[in-house]
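J.: Dropping a structure here in structure tokens format, bear with me for questions.
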Amino acid sequence: MSTATIRELRTSFPKIRARLDREGQVIITDRGKPAFLLTAYQEPPKKKRPRIDYYARLLSYMPKPMSAAAERALDEANRGSQ
């Protein structure tokens, strides 16, 4: 792991970037003492979103079907006396 000063970071960043690409990490010193650790950014892996089953969700909101006996009773009740 190589080191660089803050002044070097300001004045010759392309050289430090090349070291960073080669070695992966560079220690930045401030007045001779290690102060910062410079590393290359790595994008975090994308999380997979679970697949949504829209048809199952729709069915869960639908009313349950009526039995044949309940249908006949409702039909008789709706006819009324004419």
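Taken together, the values in this text are just the output of simple stated rules run on the coordinates, not laboratory data. Keep in mind that what you see is a predicted model, and the values were worked out from it rather than measured. We place every Cβ from the backbone using ideal geometry, glycine too, and count neighbours over all the protein chains shown.
J.: If the reach is capped at under 18 angstrom between alpha carbons, list the aspartates and glutamates near Lys33, excluding any in the same chain fewer than eight residues apart.
T.: Partners found: Glu8.
J.: A follow-up question, please. For the chain, what is the charge dipole size about the Cα centre, in debye to the nearest 20, if Lys and Arg each add +1 at the Cβ and Asp and Glu each add -1 at the Cβ?
T.: My answer is approximately 580 debye.
J.: Further question: If you line up the long axis of helix 13-23 against the longest principal axis of the chain, both from Cα atoms, how many degrees apart are they, to the nearest 10?
T.: With both axes taken from Cα atoms, the answer is about 70 degrees.
J.: Tell me the angle of helix 68-79 to the major Cα principal axis of the chain, expressed in degrees between 0 and 90 and rounded to the nearest ten.
T.: Result, in degrees: 60.
J.: May I ask you to order 61-72, 24-35 by the average number of other C-beta atoms within 10 Å around their residues, highest value first?
T.: So the peptides 61-72, 24-35, ranked by packing, come out 24-35, 61-72.
J.: Can you compute the modelled spin-label distance between Gln25 and Thr39, with each label point 7 Å from Cα toward Cβ, in nm?
T.: 0.7
J.: So, by mean Cβ neighbours within 10 angstrom, what's the order for 44-50, 12-18 with the highest one leading?
T.: 12-18, 44-50
J.: Still on this model: Taking a ≥ b ≥ c as the square roots of the eigenvalues of the Cα gyration tensor of the chain, is the shape rounded (a/c under 1.5), prolate (a/b larger than b/c) or oblate?
T.: Prolate is the answer for the chain, as a/c is 1.5 or above and a/b outweighs b/c.
J.: Stretched out fully, how many nm does the piece from Ala68 to Ala56 gain, at 0.36 nm a residue minus the Cα gap?
T.: The Ala68-Ala56 span can extend by a further 1.9 nm.
J.: Take every Cα pair under 8 Å in the chain that's 6+ residues apart, average their separations, divide by the length, and report that relative contact order as a whole percent.
T.: 21
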